[in-house]
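Q: So that we are looking at the same thing, I have put the structure below in structure tokens.
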Amino acid sequence: MITFTPLSGSSRSSTTTPLSYLLQIDDVRILIDCGSPDWSPEPSPFDKSATENEDQPPAYAEYTETLQKLAPTIDLVLLSHGDLAHSGLYPWAYSRWGLKAPAYSTLPVQAMGRIAVTEDVEGHRDEEEFGEAPTEPQPNDTVDGEQPREPSGSPPPVRDIHGKCIATVIEVQDAFDSLNTLRYSQPTHLQGKCQGLTITPFNAGHTLGGAIWKIRSPSSGTIVYAVNMNHMRERHLDGTVLIRQAAGGIFEPLARPDLFITDADRSPVITSRRKDRDAALIDTITSTLSSRSSLLLPCDSSTRILELLVLLDQHWNYSRLRYPICLLSRTGREMLTFVRSMMEWLGGTISKEDVGEEGTNSRHNQGNKRRRDDDNEEDALGAFALRHLEFFPNPQTLLHTYSSKDPKLILAVPASLSHGPSRHLFSDFAAVPGNVVLLTSRGEAGTLGRALFEKWDISQRPEDRWDKGRIGSNIMMDSTIKLTMKRKVPLTGLELELHQRKEQAARDKEAAHQATLARNQRMLEADEDDSDSESDSDADDEDEVRQALEGDDMDTGADDIGQGERNKRKADKGMDGTDWMDGDEGLTKQLLSFDIYLKGNVSKATSFFKTTGQAQRFRMFPYVEKKRRVDDYGETIDVGMWLRKGKALEEEAESEDIKDYKRRALAEEDAKKAIREPPSKFVTNVIEVQVACRLLFVDMEGLNDGRAVKTIVPQVNPRKMIIVHASSAAADALIESCNNIRSMTKDIFTPGVGESVQIGQQTNSFSINISDELLASLKISHFEDNEIAYVRGLVSAHATSTIPTLEPISSSSMQVDPATPSQSLNPRMLGSRPQVPLPHSTMIGELKLTALKSRLASIGVQAELIGEGVLICGTSTTSSGGSVAVRKLAKGKIELEGNVSEVYYTVRREIYNLHALVAA
């Protein structure tokens, strides 16, 4: 039984992102993708009638609440792409919601997902204040940068109706470190509760390391999950492996799955040619920079930005431009470091040109190879050397380096313009008339990026729309919009003074608390030593103490010591406690001193010598004896030593790239700790922006268009299909296209958010033994790697075994039922034979016309596929006579049509040989 439930990104909703789906195979629950929405939705600023209702929960509230409830019950997690739409919410669910199930992805998805989520959480935490790990709804009282607290047993509730799931940087690192990475076409047999399942990732295109997941279940068949694919070859990536353009067909391991889950978001779209899109992008950039104006190009932080960087760098090298390319991202350098360490995952046109592979017989390539060998390491990186690219962590650093009047190309994150550097830069950038805002993606619904795209799309003529295979033209914007800006500003004046006083009071309170705890601990340890000592040693110690005290009283030079002891006793009684707690100096004395006589440690043991009254003994010098703990077999095991040894072995097994990354991360963390951030506060302002720049959209998303989707899906030819990540119109367009193909399945489902689709039926499995006598009588047929036979017997239970046994039916049980017509009713005539029922036969297997064609060609029978599932075998001019048509019908039926001839019987015999014939 297969149950599929979209948590977000369904085919019948207005918002198609993020992507997250629950796939349940029997009793195994699989979470496929765990994307995060845009946490700062807003109405379109160009729509004056649109207003934001603050009392209404945001659109993502239902998705986060559902995933929070399901996270502890998940048994397996699969991530397909390393962007926010597919992996953005995984760190939060892993650290806060108990999503501790084994998770799998490719190595680039792990690295790019880490970069994308880190950039996103740092951008939000620079604009808003978020708590670390609240256990109950309460105002946030943590300091930014504080170490996260451990999550409690139950998941913390959302802080309010606008609660945003923004993890810390440490949580992001820990979550992606827990991922298990796989290579393409690497089957993995799962264990534990998922035992029996086999998962295999295949290249999906679109992003570096993007995966198509193939899930093989022994009870439910093959499931293929393929979303956000790209069949076209790009500069840095190869096309998806699902369709082989050279072979002209579908990749065999992914063909004919039992269930095919795919998206149809771009099924109504006709994408323009790649060279036209590249030319429009380059021409706009060149003309704008030549006119001494600048361009703002919003982009993502890890995936599609790579194609843009390679394209821009190649154009800069070819045209020898001197204008700067500025990347406004905190994680830009780290992202390129990862990409340069994963050259084996790259493809496209740079795989041979720029990674170092030589051409076949080109002397120019050989000269380039020699020059690369002589150059430094950066020159050997080829397309990802990016010598013209400059990195800036924030807009202030960019404006400090380049004036606002200098022409430049700025790539700023995020692409949605909902927060971060791109939004802050847009507020000042859009007011300059000559500047150009260049969009390369449509953006997520409810963001400023989507509002700008819709503004541009409405302004185009109907025949020049981007989804009609056209490029379109830029438009001049002339309007005033209101934007909500959030930022972090340092405290000054009275606010700074009050903050410093509050911090000082908190430090004093914490120090006093720690001192009290330390004093109480010493007292408890001294009391424990007293209870463990024997009475004889206590008596001896009492005598020694009394003798020492008497000697001190007789010694005239011990007046100062006695006075000091009396002062200590007064201190214990609290007579001079105020002096110890006044100011920092008194606090330091309290932390560094200890009492000679401890209050409350009065020994009640009696002495051997009789004295008038009971003498009191005070414990001198609070010394705690460290005792070695031993067990029944000797010294106890040092668990910490083994943990350190295991960590050392794991570090030795790690690759050099991961070690370098961890070293850099630790260095950056130490640097952040060394330079303490000044006290600051978060402010929110609503500003008016006079938009006077030009606006242009060029589609660089790198996804299949409608023509590719409608061609690939019928060739995959699944038995059942589920459409996700699409609008209602897009899903209907793909369904209509599939219905026009006769051999295509009609079991196509389009579930909405929270709507479950059940495929298959519940099956029960039982264990049974086959007796040796019955096994010897079976007629076994071979099919592929299996042995198949028809079994008819009687199930009997034995006292010596808990598993029933299937035995052959005895002759007595095969007697004719008296209720049925017998030989007495139909007397047998002289010379006739009794009627014997014919055996029933069953053919097991699946006929593939391509396999039949190859088999017939090996025995000299010509065959040709004419489409629509028909194979013509033989010709009318052959000596054997006539031709035969083999046609595949629905529900596993095969039809042979032709004259009775040698070709007919030959084709029928080969069809039988391709199946397992089981006779009853």
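Q: Using 0.36 nm per residue, how much length does the chain from residue 397 to residue 12 gain when fully extended, once their Cα-Cα distance is taken away?
A: Extending this stretch completely gives an extra 134.2 nm.
Q: Residue 344 to residue 707: FRET efficiency via 1/(1 + (r/R0)^6), r the Cβ-Cβ distance, R0 41 Å, to the nearest 0.05?
A: Efficiency for this residue pair is about 0.85.
Q: Ratio to report: Rg/Rh of region 7-122, with Cα atoms as the point set and Rh obtained by the Kirkwood method; give two decimals.
A: 1.01
Q: While we're looking at this one, here's another question. At 7 Å along the Cα-to-beta-carbon direction for both residue 315 and residue 909, put a label point, then send me their distance in nm to one decimal.
A: 6.6
Q: Taking a spot 7 Å from the Cα of residue 3 along the direction of its beta carbon, which residues of region 739-757 have an amide N less than 17 Å from it?
A: Residues 751-757 fall inside that zone.
Q: Efficiency by 1/(1 + (r/R0)^6): what FRET value for residue 740 and residue 771, r their Cβ-Cβ distance, R0 = 41 Å, to the nearest 0.05?
A: Using R0 = 41 Å, I get an efficiency of 0.15.
Q: Hey, rough spin-label estimate for residue 896 and residue 685, points 7 angstrom out along Cα→Cβ, what's it come to in nanometres?
A: Each label point is offset 7 Å from its Cα along the Cβ direction, giving 8.5 nm.
Q: Sticking with this structure for a sec: Would you mind checking the pairs 164/488; 488/662; 164/482; 408/482; 69/100 and listing those with alpha carbons more than 20 angstrom apart?
A: Those over the limit are 488/662; 164/482; 408/482.
Q: Quick one: of 214/710; 193/214; 486/509; 193/647; 214/275; 746/848, which pairs are farther than 23 Å apart, Cα to Cα?
A: Among 214/710; 193/214; 486/509; 193/647; 214/275; 746/848, the Cα-Cα distance tops 23 Å for 486/509; 193/647; 214/275.
Q: For region 59-123, what value does the Rg/Rh ratio take when both radii are computed over Cα atoms and Rh is the Kirkwood radius, given to two decimals?
A: That ratio is 0.96, to two decimals.
Q: Go through region 681-750 and name the trypsin sites (Lys or Arg not before Pro) that are in a DSSP coil and have 16 or fewer other Cβ atoms within 10 Å of their Cβ.
A: 719, 742, 746
Q: In nm, what is the difference between 0.36 nm times the number of residues separating residue 868 and residue 633 and their Cα-Cα distance?
A: Going from the current span to full extension adds 76.8 nm.
Every read-out reported here was derived from the displayed coordinates using simple, explicitly stated rules and does not represent laboratory data. Everything numeric here is computed off the predicted structure, so don't read it as measured data. Methodologically, a virtual Cβ is constructed for each residue, glycine included, from the backbone with ideal geometry; neighbour enumeration extends over all protein chains shown.
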